[in-house]
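First comes the structure, then the notes that go with it.
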Amino acid sequence: MQIAIDGPAGAGKSTLARTLARKMGFVYIDTGAMYRALAWKVLQTGISLEDAEAIAKLALGLDIHFENYRGEQRLLCNGEDLTEMIRSPQVNAAVSRVAQHPEVRRIMVQKQQDMARSSNVVMDGRDIGEWVLPEADYKFYLTAGLQERALRRKMELENKGFRQDLETIMEELRQRDQMDQSRQVGALKILPDSIVIDSSRQSADEVLQQILTIVGKN
Ligand code: DC
């Protein structure tokens, strides 16, 4: 069984996907974390964010996988644990630009499809329902208002030791939404078979219960 969750940054996708996967005994694949790991590597190697060919080459050589450690999911990239680094403001600012190149996306989609082949999965991202798992049993589009998403992102950053003011975060989300929705390949969009859920006025648990009811596990 495959469950796809797409939506803009800060809508609560990863919290939902993680808890849903745990409830259902499925594997959780955070595709945003995979693009983030690639963006981190791009920043580390000094490749230009616009150099699609070099980024694609770098992506091909990356072995990205998830491991559970003390009840937490960690991201390993060529053996290096990047779990914390990929949430930094530098990666936030670079990741959408890295993810905009069609040839880079082709490689990442392939990696994601390979990961989903052998287990039941909950996968979250932007293009999961359309490109990664077009045959998914359920396609959710999770969204929330810009201010609400910025507030959540601010708290998430603070919990990780990064401080940014709300206006800066809102502007960064606005730009990221714009890039994620307007790129040529893999753009974020509501599909004809998407089930749209607005989490602005719902707690994480309320959203989870709603989804469990839809997939028949409540
Ligand atoms: O969900 P997130 O904020 O961790 O995602 C980080 C970025 O990665 C986001 O701005 C767009 C990109 N992304 C993507 O292009 N396609 C995906 N399937 C997942 C994320």
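Relative contact order of the range 1-142, taken over Cα pairs closer than 8 Å and 6 or more residues apart, is 49 percent.
From largest to smallest, the equivalent ellipsoid semi-axes obtained for the chain from the alpha-carbon gyration tensor read 24, 21, 17 Å. The Rg/Rh ratio of the range 147-191, with both radii computed over alpha carbons and Rh defined as the Kirkwood radius, is 1.08. With θ taken as phi - 60° and the Karplus curve 6.51 cos²θ - 1.76 cosθ + 1.60 applied, the whole-hertz 3J(HN,Hα) list for the range 63-73 is 9, 9, 8, 10, 9, 8, 9, 6, x, 10, 8 Hz, x standing for glycine and proline. Helical runs assigned H by DSSP (4 residues or longer) give the chain a calculated mean residue ellipticity at 222 nm of -15000 deg cm²/dmol, each run adding -39500 (n - 2.57) before division by the residue total. A simple spin-label model places the labels of residue 175 and residue 23 3.6 nm from each other, with each point 7 Å out along Cα-to-Cβ. Within the range 73-137, the proportion of Cα pairs with more than 15 Å between them is 63 percent. Taking 0.36 nm per residue of sequence separation and removing the Cα-Cα distance, the residue 106/residue 156 pair yields an extension gain of 15.0 nm. Both the radius of gyration and Dmax for the range 111-218 are 15.6, 43 Å, in that order, over alpha-carbon atoms. Return the lysines within reach of residue 111: Cα separation strictly under 21 angstrom, same-chain partners fewer than 8 residues apart disregarded; answer none if there are no such residues. Candidates past the 8-residue exclusion: 13, 41, 57, 139. With R₀ set to 41 Å, the beta-carbon distance separating residue 65 from residue 184 gives a calculated FRET efficiency near 0.90.
Translational diffusion coefficient of the range 11-101 at 25 °C, 0.890 mPa s, Stokes-Einstein with Kirkwood Rh over Cα pairs, in µm²/s as a whole number.
Working: Rh = 13.9 Å.
Diffusion coefficient, whole number: 177 µm²/s.
The residue among 31, 60, 11 whose Cα reaches farthest toward the positive pole of the charge dipole of the range 1-71, with charges on the beta-carbon of Lys, Arg, Asp and Glu, is 11.
Just checking the listed ones, 75, 16, 60: in the Gaussian network model of the chain with Cα springs under 10 Å, the one fluctuating most is 60.
Bear in mind these aren't lab numbers, they're just calculated from the coordinates by the rules spelled out. All figures in this text were calculated on a predicted structure; none of them were measured in a lab. Cβ: placed from backbone, ideal geometry, glycine included. Neighbour counts: every protein chain shown.
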